[in-house]
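The values are calculated or read from the model by the stated rules, or taken from the named source; none is laboratory data. Since this is a predicted model, take the numbers as computed values, not measurements. Here the Cβ is made from the backbone with ideal geometry for all residues, glycine too, and neighbour counts use every protein chain on show. The area values use the complete protein model at the heavy-atom level, side chains included, leaving out ligands, DNA and RNA. Shrake-Rupley method; radii C 1.70, N 1.55, O 1.52, S 1.80 Å.
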Amino acid sequence: MSAEPIAVYGASGHTGRLVAAELRARGLEVILAGRDAARLKDVSDELGGARVHEAPLDDADALRALTAEAGVLIHCAGPFTDTGRPVARAAAASGCHYVDHALEQHHTKWMFDAMSEPAAAAGITMITAMSFYGGMGDLLAAAVSAGLTGIDRVTSAYAVSGWRLTTGARKTAELLFADTRRITYSDGAQHVGYVEPRNAVFPFPPPLGPRTMIAPIPSSEVVTVPRHVPARWVEAQLTAHTFEEEGAFTGEAVDPETRAGSEFTVAVQVVTEDGGAAGRITGRDLWRLSALASVEAAVRLAAGHGPGPGVFAPAEAFPAEPFLRDLEALGLLRLTLPGRSGR
(Lines give C-alpha, C1' and ligand atoms only; values in the text may rest on other atoms or scores of the structure.)
Protein backbone atom coordinates (compact mmCIF):
# COMPACT_ATOMS: atom_id res chain seq x y z
CA MET A 1 0.00 0.00 0.00
CA SER A 2 1.29 3.44 -0.91
CA ALA A 3 2.29 5.61 2.03
CA GLU A 4 0.95 8.69 0.28
CA PRO A 5 -2.31 10.07 1.69
CA ILE A 6 -5.64 9.97 -0.13
CA ALA A 7 -7.22 13.39 -0.62
CA VAL A 8 -10.99 13.84 -0.47
CA TYR A 9 -12.16 16.95 -2.31
CA GLY A 10 -15.57 18.03 -1.04
CA ALA A 11 -14.90 16.36 2.31
CA SER A 12 -17.42 18.52 4.17
CA GLY A 13 -20.36 17.30 2.06
CA HIS A 14 -22.44 14.23 2.84
CA THR A 15 -20.64 11.87 0.46
CA GLY A 16 -17.25 13.35 1.27
CA ARG A 17 -17.77 12.75 4.98
CA LEU A 18 -18.69 9.12 4.33
CA VAL A 19 -15.61 8.67 2.14
CA ALA A 20 -13.27 10.31 4.65
CA ALA A 21 -14.68 8.30 7.57
CA GLU A 22 -14.29 5.02 5.67
CA LEU A 23 -10.70 5.79 4.69
CA ARG A 24 -9.90 6.68 8.29
CA ALA A 25 -11.59 3.49 9.54
CA ARG A 26 -9.23 1.53 7.29
CA GLY A 27 -6.25 3.21 8.92
CA LEU A 28 -5.34 5.36 5.92
CA GLU A 29 -4.00 8.90 5.99
CA VAL A 30 -6.55 11.38 4.68
CA ILE A 31 -6.36 14.99 3.50
CA LEU A 32 -9.70 16.77 3.89
CA ALA A 33 -9.99 19.26 1.05
CA GLY A 34 -12.53 21.72 -0.29
CA ARG A 35 -13.56 25.34 -0.45
CA ASP A 36 -14.50 26.08 3.18
CA ALA A 37 -11.74 25.68 5.78
CA ALA A 38 -14.13 26.07 8.74
CA ARG A 39 -16.40 23.24 7.57
CA LEU A 40 -13.38 21.06 6.84
CA LYS A 41 -12.10 21.69 10.36
CA ASP A 42 -15.43 20.44 11.72
CA VAL A 43 -15.00 17.19 9.80
CA SER A 44 -11.43 16.89 11.03
CA ASP A 45 -12.63 17.23 14.61
CA GLU A 46 -15.28 14.55 14.04
CA LEU A 47 -12.57 12.18 12.79
CA GLY A 48 -10.31 12.87 15.74
CA GLY A 49 -7.96 15.06 13.73
CA ALA A 50 -7.03 14.98 10.05
CA ARG A 51 -5.13 17.28 7.73
CA VAL A 52 -7.17 20.10 6.22
CA HIS A 53 -6.38 21.76 2.89
CA GLU A 54 -8.45 24.69 1.67
CA ALA A 55 -8.45 24.86 -2.13
CA PRO A 56 -10.99 27.05 -3.92
CA LEU A 57 -11.82 26.01 -7.45
CA ASP A 58 -10.41 29.23 -8.88
CA ASP A 59 -7.08 28.80 -7.06
CA ALA A 60 -5.00 26.61 -9.36
CA ASP A 61 -1.95 26.83 -7.11
CA ALA A 62 -3.89 25.57 -4.08
CA LEU A 63 -5.33 22.69 -6.11
CA ARG A 64 -1.89 21.79 -7.45
CA ALA A 65 -0.45 21.89 -3.91
CA LEU A 66 -3.21 19.51 -2.78
CA THR A 67 -2.72 16.98 -5.56
CA ALA A 68 1.06 17.15 -5.20
CA GLU A 69 0.70 15.87 -1.62
CA ALA A 70 -1.66 12.99 -2.39
CA GLY A 71 -1.29 9.66 -4.13
CA VAL A 72 -4.99 9.49 -5.03
CA LEU A 73 -7.73 12.13 -5.00
CA ILE A 74 -11.43 11.27 -4.65
CA HIS A 75 -13.56 14.10 -6.00
CA CYS A 76 -16.95 14.26 -4.23
CA ALA A 77 -18.02 17.89 -4.77
CA GLY A 78 -20.73 18.26 -7.39
CA PRO A 79 -22.13 19.51 -9.62
CA PHE A 80 -19.17 18.32 -11.68
CA THR A 81 -20.29 20.59 -14.49
CA ASP A 82 -18.94 23.36 -12.23
CA THR A 83 -16.21 21.61 -10.24
CA GLY A 84 -14.84 18.82 -12.42
CA ARG A 85 -12.36 20.46 -14.75
CA PRO A 86 -10.08 22.39 -12.37
CA VAL A 87 -9.74 19.45 -9.98
CA ALA A 88 -9.10 16.88 -12.74
CA ARG A 89 -6.54 19.15 -14.40
CA ALA A 90 -4.73 19.67 -11.10
CA ALA A 91 -4.55 15.91 -10.52
CA ALA A 92 -3.07 15.28 -13.96
CA ALA A 93 -0.60 18.14 -13.59
CA SER A 94 0.68 16.70 -10.29
CA GLY A 95 0.65 13.02 -11.27
CA CYS A 96 -2.06 12.14 -8.76
CA HIS A 97 -4.52 9.30 -9.45
CA TYR A 98 -8.12 10.54 -9.63
CA VAL A 99 -11.59 9.10 -8.93
CA ASP A 100 -14.81 11.12 -9.25
CA HIS A 101 -18.49 10.69 -8.38
CA ALA A 102 -19.81 12.41 -11.50
CA LEU A 103 -22.98 11.29 -13.18
CA GLU A 104 -23.16 14.22 -15.60
CA GLN A 105 -22.89 13.03 -19.18
CA HIS A 106 -20.99 16.04 -20.50
CA HIS A 107 -18.40 15.97 -17.73
CA THR A 108 -17.84 12.25 -18.30
CA LYS A 109 -17.45 12.81 -22.05
CA TRP A 110 -15.06 15.71 -21.35
CA MET A 111 -12.94 13.47 -19.13
CA PHE A 112 -12.43 10.98 -21.96
CA ASP A 113 -12.01 13.62 -24.66
CA ALA A 114 -9.78 16.11 -22.80
CA MET A 115 -8.00 14.18 -20.06
CA SER A 116 -6.97 10.90 -21.70
CA GLU A 117 -3.78 12.36 -23.15
CA PRO A 118 -2.74 14.29 -19.98
CA ALA A 119 -3.45 11.22 -17.84
CA ALA A 120 -1.36 8.99 -20.08
CA ALA A 121 1.48 11.54 -20.13
CA ALA A 122 1.40 11.78 -16.33
CA GLY A 123 1.29 8.00 -15.91
CA ILE A 124 -1.87 8.15 -13.80
CA THR A 125 -5.25 6.46 -13.73
CA MET A 126 -8.36 8.64 -13.80
CA ILE A 127 -11.71 6.95 -13.14
CA THR A 128 -14.86 8.93 -13.82
CA ALA A 129 -18.49 8.19 -12.87
CA MET A 130 -17.64 5.89 -9.94
CA SER A 131 -20.92 6.71 -8.26
CA PHE A 132 -24.33 5.17 -7.64
CA TYR A 133 -26.13 6.62 -10.65
CA GLY A 134 -24.11 5.83 -13.73
CA GLY A 135 -21.41 3.86 -11.99
CA MET A 136 -23.56 0.98 -10.77
CA GLY A 137 -25.29 0.79 -14.15
CA ASP A 138 -21.93 0.70 -15.90
CA LEU A 139 -20.55 -2.09 -13.72
CA LEU A 140 -23.74 -4.12 -13.88
CA ALA A 141 -23.98 -3.76 -17.67
CA ALA A 142 -20.48 -5.21 -17.99
CA ALA A 143 -21.26 -8.08 -15.61
CA VAL A 144 -24.54 -8.99 -17.32
CA SER A 145 -23.21 -8.74 -20.89
CA ALA A 146 -20.01 -10.72 -20.26
CA GLY A 147 -19.64 -13.38 -22.95
CA LEU A 148 -22.61 -12.21 -25.00
CA THR A 149 -22.40 -11.41 -28.70
CA GLY A 150 -24.73 -9.65 -31.10
CA ILE A 151 -25.85 -7.17 -28.44
CA ASP A 152 -28.61 -4.86 -29.63
CA ARG A 153 -29.75 -3.02 -26.49
CA VAL A 154 -28.55 -2.32 -22.97
CA THR A 155 -31.02 -0.70 -20.59
CA SER A 156 -30.10 0.24 -17.03
CA ALA A 157 -33.09 0.94 -14.82
CA TYR A 158 -33.00 2.51 -11.36
CA ALA A 159 -35.85 1.96 -8.88
CA VAL A 160 -35.20 4.25 -5.91
CA SER A 161 -37.38 5.13 -2.93
CA GLY A 162 -36.63 7.22 0.13
CA TRP A 163 -33.93 9.22 -1.65
CA ARG A 164 -33.16 12.50 0.09
CA LEU A 165 -31.10 14.75 -2.16
CA THR A 166 -28.30 16.85 -0.72
CA THR A 167 -27.92 20.47 -1.82
CA GLY A 168 -25.25 19.43 -4.32
CA ALA A 169 -27.33 16.57 -5.67
CA ARG A 170 -30.34 18.84 -6.07
CA LYS A 171 -28.26 21.36 -8.04
CA THR A 172 -26.95 18.53 -10.20
CA ALA A 173 -30.46 17.22 -10.89
CA GLU A 174 -31.68 20.70 -11.81
CA LEU A 175 -28.78 21.18 -14.22
CA LEU A 176 -29.22 17.77 -15.81
CA PHE A 177 -32.94 18.00 -16.44
CA ALA A 178 -32.69 21.58 -17.70
CA ASP A 179 -30.02 20.69 -20.26
CA THR A 180 -31.50 20.39 -23.74
CA ARG A 181 -28.22 19.09 -25.23
CA ARG A 182 -28.42 15.54 -23.98
CA ILE A 183 -26.13 12.74 -25.04
CA THR A 184 -27.80 9.60 -26.35
CA TYR A 185 -26.44 6.40 -27.87
CA SER A 186 -28.29 4.70 -30.72
CA ASP A 187 -27.45 2.90 -33.96
CA GLY A 188 -23.97 2.33 -32.60
CA ALA A 189 -23.10 6.02 -32.30
CA GLN A 190 -23.20 8.86 -29.82
CA HIS A 191 -25.55 11.77 -30.51
CA VAL A 192 -26.00 15.18 -28.87
CA GLY A 193 -29.22 17.14 -29.08
CA TYR A 194 -32.73 17.63 -27.76
CA VAL A 195 -34.45 14.45 -26.55
CA GLU A 196 -38.20 14.23 -26.19
CA PRO A 197 -38.87 12.73 -22.74
CA ARG A 198 -41.29 9.85 -22.51
CA ASN A 199 -42.79 7.44 -20.03
CA ALA A 200 -41.70 3.83 -20.31
CA VAL A 201 -42.40 0.63 -18.42
CA PHE A 202 -39.46 -1.45 -17.23
CA PRO A 203 -40.02 -5.11 -16.21
CA PHE A 204 -38.29 -5.25 -12.85
CA PRO A 205 -38.26 -8.76 -11.39
CA PRO A 206 -40.44 -9.52 -8.35
CA PRO A 207 -41.18 -8.17 -5.86
CA LEU A 208 -41.07 -4.82 -7.71
CA GLY A 209 -42.63 -5.89 -11.00
CA PRO A 210 -43.20 -3.53 -13.96
CA ARG A 211 -42.77 0.16 -13.07
CA THR A 212 -43.41 3.44 -14.88
CA MET A 213 -40.09 5.06 -15.73
CA ILE A 214 -38.69 8.43 -16.77
CA ALA A 215 -36.86 7.69 -20.01
CA PRO A 216 -34.23 8.48 -20.85
CA ILE A 217 -32.50 10.06 -17.86
CA PRO A 218 -29.30 12.02 -18.58
CA SER A 219 -27.00 9.57 -16.82
CA SER A 220 -23.43 8.70 -17.80
CA GLU A 221 -24.02 5.11 -19.00
CA VAL A 222 -24.58 6.32 -22.56
CA VAL A 223 -20.97 7.55 -22.54
CA THR A 224 -19.31 4.76 -20.54
CA VAL A 225 -21.09 1.51 -21.43
CA PRO A 226 -20.39 1.61 -25.20
CA ARG A 227 -16.67 1.82 -24.40
CA HIS A 228 -16.67 -1.80 -23.18
CA VAL A 229 -20.00 -3.33 -24.31
CA PRO A 230 -20.50 -3.57 -28.11
CA ALA A 231 -24.16 -2.53 -28.07
CA ARG A 232 -26.13 -0.66 -30.73
CA TRP A 233 -28.33 1.18 -28.23
CA VAL A 234 -27.83 2.20 -24.58
CA GLU A 235 -30.30 3.96 -22.28
CA ALA A 236 -30.77 4.69 -18.56
CA GLN A 237 -34.16 5.02 -16.86
CA LEU A 238 -35.44 6.02 -13.40
CA THR A 239 -38.70 5.20 -11.63
CA ALA A 240 -41.14 8.09 -12.08
CA HIS A 241 -42.12 8.12 -8.41
CA THR A 242 -38.58 8.80 -7.17
CA PHE A 243 -38.75 12.59 -7.53
CA GLU A 244 -42.43 12.69 -6.61
CA GLU A 245 -41.91 11.38 -3.09
CA GLU A 246 -42.47 13.85 -0.29
CA GLY A 247 -39.17 15.05 1.14
CA ALA A 248 -36.99 14.13 -1.84
CA PHE A 249 -35.84 17.72 -2.34
CA THR A 250 -35.38 18.71 1.30
CA GLY A 251 -31.64 19.36 0.84
CA GLU A 252 -29.19 19.32 3.75
CA ALA A 253 -31.86 19.58 6.48
CA VAL A 254 -32.09 15.81 6.91
CA ASP A 255 -30.53 13.74 9.67
CA PRO A 256 -28.03 11.06 8.60
CA GLU A 257 -30.33 8.20 9.59
CA THR A 258 -33.12 9.49 7.34
CA ARG A 259 -30.72 10.05 4.47
CA ALA A 260 -29.40 6.50 4.87
CA GLY A 261 -32.92 5.11 4.47
CA SER A 262 -33.03 4.99 0.68
CA GLU A 263 -33.81 1.63 -0.89
CA PHE A 264 -32.74 0.74 -4.41
CA THR A 265 -32.82 -1.79 -7.19
CA VAL A 266 -30.60 -1.31 -10.21
CA ALA A 267 -31.51 -3.68 -13.02
CA VAL A 268 -29.84 -4.14 -16.39
CA GLN A 269 -31.50 -5.79 -19.35
CA VAL A 270 -29.32 -6.84 -22.28
CA VAL A 271 -31.09 -7.78 -25.52
CA THR A 272 -29.18 -9.76 -28.13
CA GLU A 273 -30.03 -11.05 -31.58
CA ASP A 274 -30.84 -14.49 -30.13
CA GLY A 275 -32.06 -13.78 -26.62
CA GLY A 276 -30.49 -11.79 -23.81
CA ALA A 277 -29.63 -11.62 -20.16
CA ALA A 278 -30.57 -9.64 -17.08
CA GLY A 279 -29.19 -8.93 -13.65
CA ARG A 280 -29.73 -6.64 -10.71
CA ILE A 281 -28.33 -5.24 -7.51
CA THR A 282 -30.48 -4.37 -4.52
CA GLY A 283 -29.72 -2.64 -1.26
CA ARG A 284 -30.18 0.24 1.11
CA ASP A 285 -28.46 3.66 1.40
CA LEU A 286 -27.30 4.64 -2.06
CA TRP A 287 -25.08 7.36 -0.56
CA ARG A 288 -22.98 4.85 1.36
CA LEU A 289 -22.75 2.53 -1.63
CA SER A 290 -21.53 5.42 -3.77
CA ALA A 291 -18.98 6.50 -1.17
CA LEU A 292 -17.53 3.05 -0.59
CA ALA A 293 -17.38 2.26 -4.29
CA SER A 294 -15.02 5.22 -4.71
CA VAL A 295 -13.04 4.15 -1.64
CA GLU A 296 -12.61 0.65 -3.08
CA ALA A 297 -11.37 2.17 -6.34
CA ALA A 298 -8.97 4.56 -4.60
CA VAL A 299 -7.52 1.87 -2.35
CA ARG A 300 -6.83 -0.31 -5.37
CA LEU A 301 -5.10 2.56 -7.17
CA ALA A 302 -3.04 3.41 -4.09
CA ALA A 303 -1.88 -0.20 -3.93
CA GLY A 304 -0.87 -0.20 -7.59
CA HIS A 305 -3.75 -2.39 -8.74
CA GLY A 306 -5.19 -0.15 -11.42
CA PRO A 307 -5.60 -0.55 -15.18
CA GLY A 308 -2.65 1.71 -16.05
CA PRO A 309 -2.43 5.27 -17.38
CA GLY A 310 -5.49 6.87 -18.96
CA VAL A 311 -9.14 7.70 -18.27
CA PHE A 312 -11.48 4.82 -17.53
CA ALA A 313 -15.11 4.01 -16.83
CA PRO A 314 -15.69 1.94 -13.67
CA ALA A 315 -16.03 -1.33 -15.59
CA GLU A 316 -12.96 -0.55 -17.69
CA ALA A 317 -10.87 0.11 -14.60
CA PHE A 318 -11.72 -3.10 -12.74
CA PRO A 319 -13.35 -6.44 -13.62
CA ALA A 320 -17.03 -5.72 -13.04
CA GLU A 321 -18.39 -8.81 -11.32
CA PRO A 322 -15.48 -9.19 -8.84
CA PHE A 323 -15.73 -5.48 -7.98
CA LEU A 324 -19.46 -5.80 -7.33
CA ARG A 325 -18.88 -8.97 -5.31
CA ASP A 326 -16.42 -7.06 -3.12
CA LEU A 327 -19.09 -4.41 -2.49
CA GLU A 328 -21.51 -7.23 -1.72
CA ALA A 329 -19.05 -8.67 0.82
CA LEU A 330 -19.05 -5.27 2.56
CA GLY A 331 -22.82 -5.58 2.99
CA LEU A 332 -23.59 -2.72 0.59
CA LEU A 333 -25.66 -4.60 -1.98
CA ARG A 334 -26.92 -7.95 -3.15
CA LEU A 335 -25.90 -8.96 -6.67
CA THR A 336 -28.10 -11.28 -8.73
CA LEU A 337 -26.92 -12.57 -12.09
CA PRO A 338 -29.56 -15.14 -12.99
CA GLY A 339 -28.11 -16.29 -16.28
CA ARG A 340 -28.97 -16.08 -19.95
CA SER A 341 -32.09 -16.62 -22.00
CA GLY A 342 -32.35 -17.48 -25.67
CA ARG A 343 -34.28 -19.07 -28.43
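Annotations
- Single residue of region 262-271 satisfying the filter (more than 17 Å from the chain's Cα centre (by Cα) and within 12 Å of Ser156 (Cβ to Cβ)) that is most open to solvent (accessible area, probe 1.4 Å): Gln269
- Filter result for Arg259 (open to solvent by 50 Å² or more (accessible area, probe 1.4 Å) and in contact with a helix residue (DSSP H, G or I) (Cβ under 7 Å, 6 or more places away or on another chain)): no
- Only residues that are open to solvent by 10 Å² or more (accessible area, probe 1.4 Å) and of a type in the set (Ser, Thr, Tyr) were counted across region 275-319, and they come to 1.
- Taken together, the residues in region 126-176 that are of a type in the set (D, E, K, R), modelled with pLDDT of 95 or more and open to solvent by 20 Å² or more (accessible area, probe 1.4 Å) amount to 2.
- Top-ranked residue in region 182-199 [being under 24 Å from Pro230 (Cα atoms) and in contact (Cβ under 8 Å) with a residue 24 or more places away in the chain; ranked as least open to solvent (accessible area, probe 1.4 Å)]: Ile183
- Screening Ala37 with (1) in contact with a strand residue (DSSP E or B) (Cβ under 9 Å, 6 or more places away or on another chain); (2) crowded, with 21+ Cβ neighbours inside 10 Å gives one miss only, at (2).
- Candidate set from region 47-62 (those that are assigned to a helix (DSSP H, G or I) and open to solvent by 50 Å² or more (accessible area, probe 1.4 Å)); member that is farthest from Ala173 (Cα to Cα): Asp61
- Ser44 vs. criteria surrounded by fewer than 22 Cβ atoms within 10 Å (Cβ to Cβ) and either assigned to a helix (DSSP H, G or I) or touching an Asp or Glu at 6+ places or on another chain (Cβ under 7 Å) (or both): yes
- Of the residues making up region 227-236, not a single one is under 26 Å from Gly13 (Cβ atoms) and charged (D, E, K, R).
- Qualifying residues in region 63-86 (those that are buried (at least 24 other Cβ atoms within 10 Å of the Cβ) and over 14 Å from the mean Cα position of the chain (by Cα)) - the one farthest from Leu23 (Cα to Cα): Leu63
- Test: Ala92 is within 19 Å of Ala320 (Cα to Cα), open to solvent by less than 20 Å² (accessible area, probe 1.4 Å), of a type in the set (A, V, I, L, M, F, W, C) and at pLDDT 95 or above: no
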